[in-house]
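Visitor: To start, I am sharing the structure in question, which I have written as structure tokens.
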Amino acid sequence: MEDKSLHTSYKYYENFSDLLPEDQELYNQACDASTKSYAPYSNLNVGAAIRFINGRTITGHNHESGAYPSGMCAERVALYNAVNDDELRKTSGVAIAIAARMKDQEEFMEISPCGQCRQVLAEYAYVNGTPLKVILPSNNGAFIVIDDITALLPFIFNSPKRKKG
């Protein structure tokens, strides 16, 4: 037997203004998307925004259902909306920002993708051969930026790598 370990690195920004301008814009789009959330059970309004290589951005917001667990997280809604777009189906996402706030609260809170979203996003990045940067709010107005979603789920269920072309 051999003991092994994993190491995850990330960038920690103490203020929103320290983020790259394009990451600030992406996070703002995720915040805007959260206002469209349908979350009557948890009251947790989540928005996500994905920026693609070609510069386009697609957003999504969570949808809950009384027939739990048939709702959908904001991250997967954004990704599935993008995959439904013929132009974006042929390109790769380069960054995703996630924003969450409780209903009737103005302040956004710390959040991270759930396990299902981590798998779907990591598999998407793996299949497209492009790292997917993750922008997450942290406590007290700080932000965490992870260069590749696979750092959040290092042992993904891999799928066959798609050939581009």
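Visitor: List the helices (runs of 4 or more DSSP H) that sit entirely inside the range 1-111 and contain at least 3 residues that are in contact with a Pro (Cβ under 6 Å, 6 or more places away or on another chain), closer than 24 Å to ALA151 by Cα and free of Cβ contacts under 8 Å to residues at least 40 places away in the same chain. Break it down into steps so the answer makes sense when it comes.
Guide: On the way: elements: 21-34, 74-83, 86-89.
Because the criterion is at least 3 residues that are in contact with a Pro (Cβ under 6 Å, 6 or more places away or on another chain), closer than 24 Å to ALA151 by Cα and free of Cβ contacts under 8 Å to residues at least 40 places away in the same chain, no helices (runs of 4 or more DSSP H) in the range 1-111 meet it.
Visitor: Next up: Only one of (1) among the β-branched types (Val, Ile, Thr); (2) out of contact with any helix residue (DSSP H, G or I) (no Cβ under 7 Å at 6 or more places or on another chain); (3) modelled with pLDDT under 90 fails for VAL83. Which number is that?
Guide: Only one criterion is unmet by VAL83, namely (2).
Visitor: Restricting to the range 1-55, name every residue that is under 14 Å from the mean Cα position of the chain (by Cα) and aromatic (Phe, Trp, Tyr).
Guide: Listed by number, the residues that qualify are TYR27, PHE52.
Visitor: Something else now. Which members of the range 112-151 meet the condition of being closer than 22 Å to ASN43 by Cβ and outside any helix (DSSP H, G or I)?
Guide: SER112, PRO113, CYS114, LEU136, PRO137, SER138
Visitor: Continuing with this model, one more query. Can you pull out every residue in the range 111-144 that is modelled with pLDDT of 95 or more, surrounded by fewer than 19 Cβ atoms within 10 Å (Cβ to Cβ) and touching a Ser or Thr at 6+ places or on another chain (Cβ under 8 Å)?
Guide: ILE144
Visitor: With TYR41, TYR80 as the choices, which residue is in contact with an Asp or Glu (Cβ under 6 Å, 6 or more places away or on another chain) and at negative phi?
Guide: Residue meeting the stated conditions: TYR41.
The rows are residues; the columns are (1) surrounded by fewer than 19 Cβ atoms within 10 Å (Cβ to Cβ); (2) touching a strand residue (DSSP E or B) at 6+ places or on another chain (Cβ under 6 Å).
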{"residue": "LEU20", "(1), (2)": "yes, no"}
{"residue": "ASP23", "(1), (2)": "no, yes"}
{"residue": "LEU26", "(1), (2)": "no, yes"}
{"residue": "ASP32", "(1), (2)": "yes, no"}
{"residue": "ASN43", "(1), (2)": "yes, yes"}
{"residue": "SER65", "(1), (2)": "yes, no"}
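Visitor: Which condition number does GLY93 fail, the rest of (1) modelled with pLDDT under 90; (2) over 11 Å from the mean Cα position of the chain (by Cα) being met?
Guide: So the condition that GLY93 fails would be (2).
The values are calculated or read from the model by the stated rules, or taken from the named source; none is laboratory data. Predicted model, so just to flag it, every value in this text is computed and none were measured. Virtual Cβ from ideal backbone geometry, glycine too; neighbours counted across all protein chains shown.
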